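Visitor: Questions regarding the structure given below will be posed in turn.
The values are calculated or read from the model by the stated rules, or taken from the named source; none is laboratory data. What you see is a predicted model, and the numbers here were worked out from it, not measured in a lab. All Cβ positions, glycine included, derive from the backbone under ideal geometry; neighbour counts span all protein chains shown. Just so you know, the surface numbers come from the protein's heavy atoms only, side chains and all, with ligands and any DNA or RNA stripped out. Shrake-Rupley method; radii C 1.70, N 1.55, O 1.52, S 1.80 Å.
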Amino acid sequence: AAIQSVQFMRRTAGGASTPLLLTAGYDKTLRLFSIDGKKNKKVQSVFVRDFPIHHAEFAPTSDEIILSSRRSHFYVYNLQAAKVTKIPQIVGRDEKSLESFTMSPDGKYITFLGNDGYAVMVDRKTKRWLFDVKMNGSIRTCSYGADGTSMYTSGSDGQVYLWDLRTRQCVDRHTDEGCVRATALASSPSGSGMYACGADSGVVNLYKTSIGDRGGAMSKQRGPLAASLRLQRTPFKSIMSLTTKADTLKFNHDGQILAIASQMKKDSLRLVHANTGTVFANWPTGQTPLRYVTDVDFSPSSGLFAIGNDRGKVLLYRLLHYART
């Protein structure tokens, strides 16, 4: 089956010197590989009955992997205990499908994309519903700021929302330039305040948050984040390399490289120098056998770049500018 999720573990587990890589898809199987760049041995394979996996992520601060599907329940896999636990539902919410979610970098929240514009905030430790934040349109994508206290969301109304999770309020929002419907969103993990917005037209816009008090009583009411950050209304760079829906955006660990991809067209992947918005011309080439790209990820130090495709394969490439892992 096509790869739906591919992700490197951001820390080494159990004293291992090589990073773990997970893959998951509609074949209902979670697989874990120890990536040394040579043999890349499979460590574990976990089959979850009647659960085509739409998304899987490592919990940043624990030994858990969260698995979701088009179901009202989700699963948690504990790496140390090698045990799968079913979370029957999110008590207090009535979502029929929990297929899309994002985890905060501090491991505090699991954010499920719910109905009617709701981002459903769930405590990662207890798996209990905490609170919601709500957009005007339906929510399609979300991404966390580097410190985990801010969150960006976007969706069918083509607007980008910035949320302060300490006050649970929207502190700023703007329309993504030229966007009718947002399809992907990514925030740089380097703390630079850069974020990228992808649209169904294939255009990817790069923005930077700016520093400065917005002034007035509103910023005082909305807390410290409102007084320090505001969103730019116009992108500093628009990338037109994709001609179909931009559905995958991923920054590397230091925010220098942004990977953009569309699974609607064969070999539709580009790497972008984020600070300048320049697309790298030397790779991938027309001869690079990527096929239809479904998900991507960079290793913890960006030495490796993993690309999942529609044939159920994960292609590993080495980025020579960075350390081996």
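Visitor: Look at the range 274-293 and say how many of its residues are open to solvent by 20 Å² or more (accessible area, probe 1.4 Å), in contact with a Leu (Cβ under 8 Å, 6 or more places away or on another chain) and part of a strand (DSSP E or B).
Guide: The number of residues fulfilling the criteria is 1.
Visitor: Can you find, within the range 105-124, the residue that is nearest to the chain's Cα centre (by Cα) among those that are under 25 Å from Q44 (Cα atoms) and either open to solvent by less than 40 Å² (accessible area, probe 1.4 Å) or without any contact (Cβ under 8 Å) to a residue 40 or more places away in the chain (or both)? So that I can check it myself, show each step before the final result.
Guide: First, pick out the residues of the range 105-124 that are under 25 Å from Q44 (Cα atoms): 105, 107, 110, 124.
Going one step further and asking which of them are either open to solvent by less than 40 Å² (accessible area, probe 1.4 Å) or without any contact (Cβ under 8 Å) to a residue 40 or more places away in the chain (or both), we end up with 107, 110, 124.
Details: G107: 14, I110: 12, R124: 16 Å.
It comes out as I110.
Visitor: Which of the residues spanning the range 44-58 are crowded, with 16+ Cβ neighbours inside 10 Å and either at pLDDT below 95 or among the aromatic types (F, W, Y) (or both)?
Guide: F51, F58
Visitor: Can you name every residue in the range 258-273 that is open to solvent by less than 20 Å² (accessible area, probe 1.4 Å) and farther than 20 Å from R140 by Cβ?
Guide: Listed by number, the residues that qualify are L269, L271, V272.
Visitor: Out of everything in the range 166-205 that is open to solvent by less than 10 Å² (accessible area, probe 1.4 Å) and outside any strand (DSSP E or B), what residue ends up being nearest to H253 (Cα to Cα)?
Guide: Taking the candidates together, the pick is S188.
Visitor: Mind checking whether some residue in the range 238-250 is open to solvent by less than 40 Å² (accessible area, probe 1.4 Å), in contact with a Lys or Arg (Cβ under 8 Å, 6 or more places away or on another chain), within 19 Å of A182 (Cα to Cα) and modelled with pLDDT under 95?
Guide: no
Visitor: Quick check: is even one residue across the range 75-95 open to solvent by less than 70 Å² (accessible area, probe 1.4 Å) and among the aromatic types (F, W, Y)?
Guide: Yes, the conditions are met somewhere in the range 75-95.
Visitor: Checking the condition assigned to a loop (DSSP other than H, G, I, E, B), surrounded by 14 or more Cβ atoms within 10 Å (Cβ to Cβ) and of a type outside the set (G, A, S), which residue from L67, L98, L32 passes?
Guide: The conditions single out L98.
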